[in-house]
1. For the residues I52, I114, what sequence is obtained by ranking on other C-beta atoms within 10 Å, fewest first?
2. Specify which residue in the list M11, M77, V116 is farthest towards the positive end of the charge dipole of the chain, using unit charges on the beta carbon of Lys, Arg (+1) and Asp, Glu (-1), about the Cα centre.
3. Order these by the 10 Å Cβ neighbour count, fewest first: H30, H82.
4. Could you compute how fast the chain diffuses translationally, taking Rh as the Kirkwood radius over C-alpha pairs and applying Stokes-Einstein at 20 °C with viscosity 1.002 mPa s? Give it in µm² per second.
5. Checking understanding here: applying a Kyte-Doolittle mean of at least 0.5 and a length along the axis of at least 20 Å (C-alpha), which whole DSSP H helices in the chain pass?
6. Just tell me the longest site-free run in the chain, where the sites are trypsin sites (Lys or Arg not before Pro) in a DSSP loop having at most 16 other beta-carbon atoms within 10 Å.
Amino acid sequence: MSRRLSDRLGMPLLGVVGLAALAAPRVVAHDLDLVSPAVNSVLVFAPLLAWIGVVWWRRVPNPFVTLLAVGVVYGVMLAVIHQLLWSRSFDGAPPELGGNLAGVLAPAVESGVIRVFAFGGSLVTGTLVGAATGAVAWLLAKATRRGTGPE
């Protein structure tokens, strides 16, 4: 199955994970507030341009599917890194529920609810980033006749 998936993606699974990992340093830098906005912008866009460039250069069968997979893996990395750096990134003042839910739940339950939604949000974000870059790469492949996927 792994071989069929690698064939469909046009690259080994390790390549998919490697591309996703290119975007991980930005998550750490952002959560720990380590870089300026200008450097953060480079850390945001350079990996995405690399994703597009790699799938274009490799002539993957379907750049959209390949980068969607990269985005899903990136979303998992994003979620895990955010969870690992949670206390540090909020500097001892984690988010709390507000409105009608303020103070209703036990602190541990409230924290758990917020973390679960943050985890899910990271997965959605990574998947959407993969879909957006995949769409750009698919259009680029079609425009330059480098795509080999279905018309």
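Every read-out reported here was derived from the displayed coordinates using simple, explicitly stated rules and does not represent laboratory data. On a predicted model such as this, the values are computed, not experimentally measured, just so you know. In this analysis, Cβ positions are derived from the backbone assuming ideal geometry, glycine residues included, and neighbour counts consider all displayed protein chains.
1. Values: I52 20, I114 16.
Result, fewest neighbours first: I114, I52.
2. Farthest along the dipole direction, towards plus: M11.
3. Least to most surrounded, the residues fall as H30, H82.
4. 127 µm²/s
5. 37-58, 63-84, 107-143
6. 60-144
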